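Before any comments, here is the structure.
Nothing in this text is a laboratory measurement; each read-out follows from the coordinates by a stated rule. On a predicted model such as this, the values are computed, not experimentally measured, just so you know. Positions of Cβ are generated from backbone atoms using ideal geometry, with glycine treated the same way; all protein chains shown enter the neighbour counts.
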Amino acid sequence: MDRVLQLSMYALKRLKNFDYIKLWYFTPQGCDEAILLDQTCNQDALALMQVNSIMTLRLIDAVTASKNVLSDEALSWDHICLAQQVMLHHMKELAWEEEYIFVLADFFLRLHLHPKRLHKHWQEAIILYQAQIRQDWHRKLSNIHAEEVFNISAINENLLKDLVEKVSDQKKAKMMQQ
């Protein structure tokens, strides 16, 4: 299990800062890449970066996103289910507030148990929904001036229905082009 749970320094840094991070980093493929990077890169390898016209040195693995990363929308529901478990584990390891861990776990559980998840276009819409809502939630979490973070586990059924229509329209348009 430890092999699957290893994350890249990039992913850990983003998670530690409450920043949105694509779920791919928590999939077996993302964790395997982190292990490979860890085995092939010198832990002290540095890269020269320019920040506001000032040149600085930074650890390579802490500054770069994977070139193999997939968007959440490109992941299967099975990959999302695996990834969220690994992400929740690391949130706990990084001492996130229990409330945030709980509501995010509840969010994924509610999506997984959604009564229409297996209906036509709904699973794809749920994948889009989780990506969009999680981005908004992390944006609020990482904003130190945010007064209150919304309850991510409260499913916005209207937005979900809109996304089902969007998926349906995209499929119809694709069929018309063929």
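Every helix of 4 or more DSSP H residues in the chain counts as -39500 (n - 2.57), and over all residues that averages to -18500 deg cm²/dmol at 222 nm. What is the calculated FRET efficiency for residue 92 to residue 64, with r their C-beta to C-beta distance and R₀ = 25 Å, to the nearest 0.05? The formula returns an efficiency of 0.45 here. Structure note, pairs 67/116; 116/140; 13/92; 22/140: Cα-Cα distances above 24 angstrom occur for 67/116; 116/140. Calculated on the alpha-carbon coordinates, the convex hull of the chain measures out at 165 cubic angstrom per residue.
How much net charge surrounds residue 127 when only the other residues with a Cβ under 9 Å from the Cβ of residue 127 are counted, with Lys and Arg +1 and Asp and Glu -1? Result for the neighbourhood of residue 127: -3. Dividing the mean sequence gap of close Cα pairs (under 8 Å, 6+ apart) by how many residues the chain holds gives a relative contact order of 22 percent. Relative contact order of region 97-178: 39 percent, from C-alpha pairs under 8 Å at least 6 residues apart in sequence. What is the helix-to-structure angle for 28-40, meaning the angle in degrees between its Cα long axis and the longest Cα principal axis of the chain, kept from 0 to 90 and rounded to the nearest 10? Tilt relative to the chain: about 10 degrees. In the chain, the longest principal axis of the Cα atoms and the axis of helix 77-93 are about 40 degrees apart. A simple charge model with +1 on the Cβ of Lys and Arg, -1 on the Cβ of Asp and Glu and nothing else charged puts the dipole of region 97-178 at about 700 debye relative to its Cα centre.
Note on region 97-178: Kirkwood radius taken over Cα pairs, Stokes-Einstein applied at 37 °C and 0.692 mPa s, translational D equal to 235 µm² s⁻¹.
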